[in-house]
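Inspection log for the structure reproduced underneath, given as structure tokens.
The values are calculated or read from the model by the stated rules, or taken from the named source; none is laboratory data. Model, not experiment: these values are computed from the prediction. Quick reminder, even Gly has a Cβ in these numbers, built from the backbone with ideal geometry, and neighbours come from all protein chains shown. The area values use the complete protein model at the heavy-atom level, side chains included, leaving out ligands, DNA and RNA. Shrake-Rupley method; radii C 1.70, N 1.55, O 1.52, S 1.80 Å.
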Amino acid sequence: NAGVIQTPRHKVTGKGQEATLWCEPISGHSAVFWYRQTIVQGLEFLTYFRNQAPIDDSGMPKERFSAQMPNQSHSTLKIQSTQPQDSAVYLCASGTGGYEQYFGPGTRLTVL
Amino acid sequence: GDSVTQTEGLVTLTEGLPVMLNCTYQTIYSNPFLFWYVQHLNESPRLLLKSFTDNKRTEHQGFHATLHKSSSSFHLQKSSAQLSDSALYYCALSGSNNRIFFGDGTQLVVKP
């Protein structure tokens, strides 16, 4: 069991560019979660899929951020027109519904 | 709505002293799941403890916690702190729509 896989581990973009982050959940897990973590804001919930369907995106900034789960083996978080304030570690986690979540190693996004 | 409160942002103590990190929660559900996650520097959050049974102590890696529904609490304790316990600790609640709600985290610093 490789755990949750996130790629890339580090990404540097220029202001205004697009960033796509990938997550491969643990096989058999029905739920996938995206979080953003910064020193200032801590761990922020972004969005949640269950059985590939979007369940709760209440934490997603309404502009520029979108997430998809086209199949059970991967999810993507896309940030359009990245801004310096988007710089953070983006964490993906998978689990079996409302029970424990297993976090991936994260993608550190730096927007210059 | 569902929420988790961790009153201490930073706890500093000397090696060998007992640890207690506070966690209280709010939910409409009568059978919530409560979790403690630990995040060491440059790592992702990792599940430390979980419980859904009222008044039953749960233990792992020297830490323990007891869910008390009467006081909506799930405090984390350890009898003797070690230097390696220095980390960020998150209390979390499985609430509505099976989303997990995290507290703001408590940074534990153990000094020699």
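Identify, from the list B:29, B:90, the residue that is open to solvent by 80 Å² or more (accessible area, probe 1.4 Å) and of a type in the set (Phe, Trp, Tyr). Steps first, please.
Working: B:90 fails: open to solvent by 80 Å² or more (accessible area, probe 1.4 Å).
Residue meeting the stated conditions: B:29.
One residue stands out among those in region A:91-106 that are within 11 Å of chain B (Cβ to nearest Cβ) and part of a strand (DSSP E or B): the one that is nearest to residue A:15 (Cα to Cα), which is A:91.
Among the residues of region A:78-90, is there at least one that is within 12 Å of another protein chain (Cβ to nearest Cβ) and either closer than 25 Å to residue B:43 by Cβ or open to solvent by less than 70 Å² (accessible area, probe 1.4 Å) (or both)?
Yes; the residues of region A:78-90 include at least one that is within 12 Å of another protein chain (Cβ to nearest Cβ) and either closer than 25 Å to residue B:43 by Cβ or open to solvent by less than 70 Å² (accessible area, probe 1.4 Å) (or both).
Annotation: residue A:75 fulfils all but one of (1) more than 13 Å from every other protein chain (Cβ to nearest Cβ); (2) surrounded by fewer than 22 Cβ atoms within 10 Å (Cβ to Cβ); the unmet one is (2).
Checking each residue in region A:58-72 for being within 11 Å of chain B (Cβ to nearest Cβ) and either open to solvent by 50 Å² or more (accessible area, probe 1.4 Å) or among the basic types (Lys, Arg) (or both) picks out only A:58.
From B:98, B:42, which residue is surrounded by fewer than 20 Cβ atoms within 10 Å (Cβ to Cβ), over 13 Å from the mean Cα position of the chain (by Cα), within 21 Å of residue B:9 (Cβ to Cβ) and within 12 Å of chain A (Cβ to nearest Cβ)? Don't jump to the end; show me each part of the working.
Details: B:98 fails: within 21 Å of residue B:9 (Cβ to Cβ).
Selected residue: B:42, the only one of B:98, B:42 that is surrounded by fewer than 20 Cβ atoms within 10 Å (Cβ to Cβ), over 13 Å from the mean Cα position of the chain (by Cα), within 21 Å of residue B:9 (Cβ to Cβ) and within 12 Å of chain A (Cβ to nearest Cβ).
When restricted to residues that are under 21 Å from residue A:36 (Cβ atoms), hydrophobic (A, V, I, L, M, F, W, C) and touching a Gly at 6+ places or on another chain (Cβ under 7 Å), region B:1-49 contains 1. The single condition among (1) closer than 16 Å to residue B:7 by Cα; (2) within 14 Å of chain A (Cβ to nearest Cβ); (3) open to solvent by less than 50 Å² (accessible area, probe 1.4 Å) that residue B:108 does not meet is (2). Only one of the listed residues (B:48, B:13, B:67, B:17) is of a type in the set (A, V, I, L, M, F, W, C), at pLDDT 95 or above and open to solvent by 80 Å² or more (accessible area, probe 1.4 Å). That residue is B:17. Residue A:39 meets all of the listed conditions (1) farther than 24 Å from residue B:42 by Cβ; (2) surrounded by fewer than 15 Cβ atoms within 10 Å (Cβ to Cβ) but one, namely (1).
crowded, with 19+ Cβ neighbours inside 10 Å and away from every other protein chain (no Cβ under 14 Å), is that true of residue B:81? Lay out the reasoning, then the answer.
Values: crowded, with 19+ Cβ neighbours inside 10 Å: yes; away from every other protein chain (no Cβ under 14 Å): yes.
Judged against the criteria, residue B:81 is a match.
Taken over region A:48-85, the residue count meeting the criterion of being of a type in the set (Val, Ile, Thr) and at pLDDT below 95 is 1. May I ask you to verify whether residue B:69 is more than 10 Å from chain A (Cβ to nearest Cβ) and in contact with a His (Cβ under 8 Å, 6 or more places away or on another chain)? So residue B:69 fails the test.
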